[in-house]
Amino acid sequence: IVTDIKPYIERKLFTVNTGHAVTAYIGYSAGKETIDEALEDPQIYQMVKETVEETGNYLIKRYDLNPAEHHQYIEKILERFQNKFFKDDVRRVGRSPIRKLGPEDRLVRPAREALKLGLPFTHLAQAIAFCLKFDVDTDQEAVELQKQLKEKGIQAVLQDICKLDKDNPIAKEVIRFYEK
């Protein structure tokens, strides 16, 4: 029993949901089929871990969470994602990228909150760029996202979907990774 549940809701959203989505987007980009397969790759594992460590830095600072306990939570979640009995398809986990790129969702919000607190957000910006590259023709949102990117360009998409204007440091970092 806790007096304030908000830190635990955000911890779940910005560790489990963010980590799952980031694994899907990076894994998809690397040609992986499942979440566990993606995390078998040491480079992908490290990228995902660094991303949820950034969200963790925000959570620890914002809610005064115990850093050691939170890092154990991160390890537990990453271990769960690696479970070979759950063949979770990266295309399924990554679906609905427009929703997941929303300003209050699992990728943009922790980056914005980190920026406000003067914390790093580089890995989150990289994750947003990977999400923007999610090009699955069976996902209506992915198709729409790719159409908007082609027609309007990345800056307009970041403004329209993520609510990140062109001068926002997160937007600049996302564009840098996207163009890489």
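Distance from the Cα centroid of region 20-96 to that of region 118-158 is 18 Å (rounded to whole angstrom).
Each of 126, 102, 154 was scored by the projection of its Cα onto the charge dipole of region 83-180, and the greatest displacement toward the positive side belongs to 126; charges sit on the C-beta of Lys, Arg, Asp and Glu. Proximity of backbone amide H atoms, modeled 1.01 Å from N, is registered between residue 34 and 90 at under 5 Å, excluding neighbours fewer than 5 places apart on the same chain. Relative to its Kirkwood radius, the Cα radius of gyration of region 60-120 gives an Rg/Rh of 1.05.
Taking every pair of Cα atoms in region 95-153, average 1/r, invert it to obtain the Kirkwood radius, and report Rg/Rh to two decimals. Let's see the in-between values first.
Working: Rg = 12.4 Å, Rh = 12.0 Å.
Ratio of gyration radius to Kirkwood radius: 1.03.
Note on region 136-180: lysine pairs with Cα distance below 15 Å, sequence gap of 8 or more or different chains, count 4. Atom-type composition of the exposed protein surface of the chain places 50 percent of the accessible area on carbon and sulfur (1.4 angstrom probe). Start at zero, step by 5 Å, and the Cα-Cα distances of the chain spread as 1, 9, 18, 22, 20, 15, 10, 4, 1, 0 percent across the bins.
With every protein chain in place and a 1.4 angstrom probe, the accessible-area ranking of 177, 134, largest first, reads 177, 134.
How large is the charge dipole for region 7-89, taken about the Cα centre, if only the Cβ atoms of Lys, Arg (+1) and Asp, Glu (-1) carry charge, to the nearest 20 debye? Walk me through the intermediate numbers first.
Numbers: 10 positive and 15 negative charges, 52 e Å.
Charge dipole, region 7-89, about its Cα centre: 260 debye, nearest 20.
Report the convex hull volume per residue for region 1-100, counting only C-alpha atoms, in Å³. Each step should come with its number before you reach the end.
On the way: hull volume 10.6 nm³, N = 100.
About 106 Å³ per residue, rounded to a whole number.
For the chain, what does the accessible surface come to per residue with a 1.4 Å probe? Please give it in Å². Walk me through the intermediate numbers first.
Numbers: 9160 Å² over 180 residues.
Accessible area per residue: 51 Å².
Loop-resident GluC sites (Glu not before Pro) (DSSP state other than H, G, I, E or B) in region 1-106 with no more than 14 further Cβ atoms inside 10 Å of their Cβ: 33, 104.
Taking the Cα centre of the chain as origin and assigning +1 to Lys and Arg Cβ atoms and -1 to Asp and Glu Cβ atoms, the resulting dipole is close to 300 debye. Only lysines eight or more places from residue 49 in sequence, or on another chain, were considered; those with a Cα closer than 16 Å are 12, 76.
The values are calculated or read from the model by the stated rules, or taken from the named source; none is laboratory data. Predicted model only: the values in this text are computed from it and were never measured. Virtual Cβ from ideal backbone geometry, glycine too; neighbours counted across all protein chains shown. Quick note on the areas: whole protein, heavy atoms, side chains included, nothing else; ligands and nucleic acids left out. Shrake-Rupley method; radii C 1.70, N 1.55, O 1.52, S 1.80 Å.
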